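Contents: one structure, followed by commentary.
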Amino acid sequence: MQKIKKSIAIIVGTFKLLYKSASFYIIAMCIANIFSGILLSLGIVIWKNIIDSVQESIKSGRLDNTIIWLVIHFATILLQALLTEICAYYKNILSTCTNKNITQNVLDKISKMELEKYDDVSFYDKLKKVNEESTARTMSLLNSVEMLVKGVSVAVSTAMILFRFNPLFMILSIIISIPNLIINMKIAIMQYNVYCDRFENKRYIDSIKNLITAHENVKEIKIYNSTPYFVSYILNSYKKYIEEDKKIRKKFVLESFSMESLGNIFIYFLKAIVCYEIVIQKMSIGSLTLYFSSIDNFRSAMANIINVMSSMFEDGLYVQSYFELMKDTETAKESGRKKKFVSEFHKIRFENVWFSYPGTQDYVLKDINFVINRGKNYAIVGLNGSGKTTLLKLLLRLYKPTKGTIYIDEIDINEIDIDSYYKEISAVFQDFIKYPLTIKDNIGLGNVAEMNNLEKINKAAAQGGILEFVNSLPMGMETHLQKEWSNSVELSLGQWQKVAISRAFFKNGQIMVLDEPTASLDPMAEQDLFQKIKDLTYEKTCVLIAHRFSTVRLADVIYVMKNGEIIESGSHDQLINKNGEYALLFSVQAKGYFEDCE
Ligand code: ADP
């Protein structure tokens with residue numbers, strides 16, 4: 001019952017969505033379908049008159065009445081064909097408008113989504129359901145609306161014919177349809193439950209399929225010959241699904257068949273009564289066809305209405321994810337920030353910040369006290385997993401501290417308008433995006449408003465150290481990247497990193513955040529780049545995570561992290577003199593270089 005209530009609420013919501021997307025077209029489509037339904041019943045009445053007039057003509061030898069009825073019938077057929085085309089036209093426009101509306105709403109809402117949502121498995125399921133099902137299901141609901149309107153129109157007009165013959169006929173026909181509706185709804189609920197149960201695994205299968213077919217993965221997949229392992233996992237999942245489907249379907253075959261047969265017995269019983277009445281009341285053959293066709297049309301209209309209602313119920317369950325997603329993001333929107341970020345800020349300060357990722361208990365950051373002054377360069381070092389990237393994520397307000405506060409000039413970072421903050425941040429992450437676009441666009445996306453300013457793009461490419469390479473390519477900046485696309489080139493990881501760094505330079509934000517952006521560059525190139533960042537950003541603030549001490553030593557202040565805590569800070573010389581963790585890490589790396597040189 002709860003599910004039915006929810007589904008009705010969703011169907012109403014979907015109608016509103018359809019109405020909002022293109023109100024004129026939905027009304028026009030409904031009106032055209034009502035006329036089309038009435039015309040169908042009118043056709044049966046005209047057909048009765050044709051048969052009756054043919055019978056008259058046999059007696060009188062005159063065909064003029066028959067011809068008039070035939071012409072009228074022909075006119076209704078033409079009109080019916082016209083209405084069908086008009087309905088298809090309206091439906092097509094409505095479908096495109098609704099698609100556009102859903103896509104716009106979803107993309108708009110997702111762009112406002114907090115990063116912590118992405119750590120939630122159910123969010124991914126919801127997102128995939130929306131992408132995979134909601135649009136198609138909304139279209140299916142649109143088809144259902146059309147069929148429902150037409151079905152009701154046919155049912156009402158044929159019911160009027162049957163009502164004149166015997167009111168009980170109509171009532172009985174409605175009652176006999178109810179068990180079918182219940183069975184269809186039961187099937188829909190069961191199918192939806194199965195769909196939900198399988199969803200995460202299906203998503204997993206899709207991600208495996210993408211993984212084994214992605215260009216960058218092919219070499220490793222081939223060497224390790226891992227495809228058969230994945231294929232067998234996928235096939236076993238499908239085998240399991242087929243068995244489950246068989247069980248569900250078998251259960252309903254008998255029930256559906258019994259209901260269908262019951263309906264047929266009832267229909268033939270009604271037809272027998274019609275024959276009896278026709279004989280007793282000496283009615284015409286035309287009347288016999290009229291009532292037979294009305295019974296058949298009424299029944300198929302009722303069957304259509306039932307099917308449509310159960311498929312609407314089913315579609316409603318799927319479209320639910322769309323409405324849930326919209327609700328989720330409404331919360332994110334409500335908490336919009338107020339104070340604008342000022343690019344001339346003095347300092348950013350972490351005060352006793354603790355953090356654990358959503359859904360986990362352990363603190364990844366513990367009691368962090370950390371200051372960033374404008375115009376200075378900072379490096380964060382530490383072993384893998386010590387919490388460096390997490391610290392940056394909090395600085396970028398991608399997550400909120402679990403305990404403690406981050407201040408920007410004594411204003412809680414949560415009170416700052418996030419768009420104004422991001423406007424001043426240039427960032428390069430370890431897993432930066434490799435856009436399947438031209439080099440120009442890959443860099444230009446750092447500042448969409450200036451995307452076509454080739455002069456600035458060239459300057460940023462020079463700063464990122466990639467311009468010389470780009471100029472050596474036949475298509476230069478217009479070269480498409482990623483080998484999966486036509487006329488493209490594949491870059492080495494180091495070259496990709498330079499493109500991502502150029503993108504950050506192109507954005508030219510006040511704060512530069514670099515999370516191991518140079519891991520694939522050689523030490524000389526990395527050092528050269530950081531020096532360039534220092535020179536270029538003498539007025540700007542830079543926070544860098546790096547492993548090579550040749551680069552790290554250039555920073556004004558170095559923070560050393562271990563197990564989620566900042567255990568040391570200071571300049572390179574101060575930390576070396578301290579002879580602590582930093583000095584230890586430095587000596588291990590220096591030894592490596594020393595041995596390499598031997
Ligand atoms: P580092 O950058 O120093 O290598 P990270 O900040 O990436 O370290 O990770 C610190 C710890 O947080 C690790 O133990 C890692 O497993 C965990 N972690 C990172 N991202 C997430 C996440 N999204 N959800 C849960 N735990 C995470």
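The values are calculated or read from the model by the stated rules, or taken from the named source; none is laboratory data. Computed from a prediction, not measured in an experiment: that's the story for all the values here. Because the Cβ atoms are built from the backbone with ideal geometry, glycine has one as well, and the counts that use them run over all protein chains shown. Heavy atoms of the whole protein, side chains included, go into the accessibility calculation; ligands, DNA and RNA do not. Shrake-Rupley method; radii C 1.70, N 1.55, O 1.52, S 1.80 Å.
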Against the definition (farther than 23 Å from M259 by Cα and of a type in the set (F, W, Y)), how does F169 come out, yes or no? no
Would you check which residues across the range 401-416 are open to solvent by 10 Å² or more (accessible area, probe 1.4 Å) and either within 14 Å of the ligand (Cβ to nearest atom) or touching a Phe, Trp or Tyr at 6+ places or on another chain (Cβ under 6 Å) (or both) and list them? P401, T402, K403, G404, D409
The range 153-169, residues that are surrounded by 18 or more Cβ atoms within 10 Å (Cβ to Cβ) and hydrophobic (A, V, I, L, M, F, W, C): V154, A155, A159, I161, L162, F165, F169
How many residues of the range 342-369 are open to solvent by less than 20 Å² (accessible area, probe 1.4 Å) and at pLDDT below 90? The answer is 1
Checking the structure you have, find out if any residue of the range 528-545 is farther than 30 Å from K366 by Cα and among the polar types (S, T, N, Q). yes
Which members of the range 100-130 meet the condition of being without any contact (Cβ under 8 Å) to a residue 12 or more places away in the chain and either more than 16 Å from the ligand (Cβ to nearest atom) or in contact with a Gly (Cβ under 7 Å, 6 or more places away or on another chain) (or both)? Q104, L107, D108, S111
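Can you pull out every residue in the range 351-399 that is among the hydroxyl-bearing types (S, T, Y) and either in contact with a His (Cβ under 9 Å, 6 or more places away or on another chain) or within 11 Å of the ligand (Cβ to nearest atom) (or both)?
S356, Y357, T360, Y363, S386, T389, T390, Y399, listed by residue number.
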Out of A188, A136, report the one residue that is away from the ligand (no atom under 16 Å from the Cβ), under 30 Å from L325 (Cβ atoms) and open to solvent by less than 40 Å² (accessible area, probe 1.4 Å). A188
Within the range 539-558, residues being open to solvent by 20 Å² or more (accessible area, probe 1.4 Å) and either touching a Lys or Arg at 6+ places or on another chain (Cβ under 9 Å) or hydroxyl-bearing (S, T, Y) (or both) number 6
Taking the criterion of being of a type outside the set (K, R), closer than 23 Å to I545 by Cβ and assigned by TED's automatic domain parsing to the domain that holds S488, would at least one residue in the range 452-462 satisfy it? yes
Does the range 200-210 contain at least one residue that is part of a helix (DSSP H, G or I), small (G, A, S), under 27 Å from V130 (Cα atoms) and under 30 Å from the mean Cα position of the chain (by Cα)? yes
Take the residues in the range 480-510 that are in a loop (DSSP other than H, G, I, E, B) and among the small types (G, A, S), then tell me which one is surrounded by the fewest Cβ atoms within 10 Å (Cβ to Cβ). S486
Near pairs, Cβ below 6 angstrom, 6+ apart or cross-chain, from the range 556-567 (more than 12 Å from the ligand (Cβ to nearest atom)) to any residue that is open to solvent by 70 Å² or more (accessible area, probe 1.4 Å): D556/K376
With respect to T98, determine if the residue is open to solvent by less than 80 Å² (accessible area, probe 1.4 Å), at pLDDT below 85 and over 30 Å from Q361 (Cα atoms). yes
Sort through V121, V145, V156, V152 and tell me the only one that's closer than 13 Å to I295 by Cα and hydrophobic (A, V, I, L, M, F, W, C). V156
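Do we find a residue being open to solvent by 80 Å² or more (accessible area, probe 1.4 Å) and under 34 Å from the mean Cα position of the chain (by Cα) anywhere in the range 465-476? Steps first, answer last, please.
Taking the range 465-476 and keeping what is open to solvent by 80 Å² or more (accessible area, probe 1.4 Å), we get 468, 471-472, 474-475.
Now drop any that are not under 34 Å from the mean Cα position of the chain (by Cα), which leaves none.
Looking through the range 465-476, none of the residues is open to solvent by 80 Å² or more (accessible area, probe 1.4 Å) and under 34 Å from the mean Cα position of the chain (by Cα).
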Specify which of the listed residues (S36, S57, S53) is closer than 23 Å to M302 by Cα, assigned to a helix (DSSP H, G or I) and over 25 Å from the mean Cα position of the chain (by Cα). S36
Among (1) open to solvent by 70 Å² or more (accessible area, probe 1.4 Å); (2) farther than 25 Å from P179 by Cα, the one test that Y322 misses: (1)
First in the range 378-397 and touching a residue at least 24 places away in the same chain (Cβ under 8 Å) and more than 20 Å from Q589 (Cα to Cα), second anywhere and more than 6 Å from the ligand (Cβ to nearest atom) and part of a helix (DSSP H, G or I), Cβ under 7 Å, 6 or more apart: R397/I413; R397/I418; R397/Y421
Give the range 463-489 a look and list any residue that's closer than 23 Å to D535 by Cα and touching a residue at least 40 places away in the same chain (Cβ under 8 Å), or say none. Q463, G464, G465
Matching residues in the range 2-30 - criterion: being modelled with pLDDT of 85 or more and surrounded by fewer than 14 Cβ atoms within 10 Å (Cβ to Cβ): S23, F24, I27
Could you list all residues from the range 115-156 that are β-branched (V, I, T) and touching a Cys at 6+ places or on another chain (Cβ under 8 Å)? V145, V149
Qualifying positions in the range 433-462 - β-branched (V, I, T) and under 8 Å from F506 (Cβ atoms): I443, I457
Any residue that is surrounded by fewer than 11 Cβ atoms within 10 Å (Cβ to Cβ), assigned to a helix (DSSP H, G or I) and among the hydrophobic types (A, V, I, L, M, F, W, C) - is there at least one of those in the range 215-224? yes
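Is it the case that the range 237-245 has a residue that's among the small types (G, A, S) and loosely packed, with under 13 Cβ neighbours inside 10 Å?
No, there is no match, as no residue in the range 237-245 is among the small types (G, A, S) and loosely packed, with under 13 Cβ neighbours inside 10 Å.
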